[in-house]
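Here is the structure we will look at, set down as structure tokens.
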Amino acid sequence: MRLHKLEKWWLILGVSALIMFLVVLGFGAFYMGTHPQSHGLTIDPNNIEANEAFQKENLGLTKVDTDHYIVNVVASAFNYDLGVDEDGNSVNHIKIPKGASVLFQVVTTDVIHGFNIAGTNVNMMVEPGYVSSMEVQMNKVGEFTLLCNEYCGVGHHMMFTTVEVYE
Ligand code: CUA
């Protein structure tokens, strides 16, 4: 049996499109160290304070070292708890010096929330029972909006705060 000439070309086209698709998919999935979460850190969503990082006094921004910070956040409908300042007022703004390396650690006490600092590559899903963490270097100066990008209820659109990276 002989293949029709055009039929052969269509077969080649189909197979190459499939190979190209798999290459793009494989590259996109692992490019720059991106990989699926392999060692999820768990936490009891009803007792997050059992983890020292999420005790009231450890929330918000903490300087660990020169140019090295940790930001612990408790997300809940419809707020990001960043702790309190010296006067006991809730903190709703994070200020980070340019170039600092920041480890964000976020948990939720109720439903799934998002943790996205628009304009940066900080973008995590926060699931009950897990600690979502990500370390990034904040190199872009400016004021960014930290917002929830997972629909979490009627107040979802009000769930945001600001992050400022200063020179
Ligand atoms: Cu929290 Cu949407």
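The values are calculated or read from the model by the stated rules, or taken from the named source; none is laboratory data. If you're wondering where the values come from, they're calculated on a predicted model, not measured in any experiment. A quick note on method: Cβ atoms are made from the backbone with ideal geometry, for glycine too, and the neighbour counts reach across all protein chains shown.
Restricting the stretch 121-139 to residues that are more than 13 Å from the ligand (Cβ to nearest atom) and in contact (Cβ under 8 Å) with a residue 40 or more places away in the chain, which is farthest from Gln55 (Cα to Cα)? So the residue we want is Asn139. Residue-level analysis places Ala29 among those that are among the hydrophobic types (A, V, I, L, M, F, W, C) and modelled with pLDDT under 90. Of the residues making up the stretch 116-167, those that are of a type in the set (Gly, Ala, Ser) and over 14 Å from the mean Cα position of the chain (by Cα) are Gly129, Gly142, Gly153, Gly155. Residues of the stretch 73-124 that are touching a Gly at 6+ places or on another chain (Cβ under 9 Å) and closer than 21 Å to Tyr166 by Cβ: Val73, Leu82, Gly83, Asp85, Val91, Ile94, Gly119.
Collect the residues in the stretch 147-167 that are within 6 Å of the ligand (Cβ to nearest atom) and crowded, with 17+ Cβ neighbours inside 10 Å, keeping them in residue-number order.
Cys148, Glu150, Cys152, His156, Met159, listed by residue number.
Is it the case that some residue within the stretch 118-125 is at pLDDT 90 or above, over 21 Å from Met158 (Cα atoms) and of a type outside the set (Ser, Thr, Tyr)? Please lay out each step first, then the result.
Step one: of the stretch 118-125, the residues at pLDDT 90 or above are 118-120, 122-125.
Next cut, over 21 Å from Met158 (Cα atoms) only: none.
Checking the stretch 118-125: not a single residue is at pLDDT 90 or above, over 21 Å from Met158 (Cα atoms) and of a type outside the set (Ser, Thr, Tyr).
From the list Glu150, Glu127, Glu164, Glu143, the one residue that fits, being within 16 Å of Ile70 (Cα to Cα) and charged (D, E, K, R), is Glu164.
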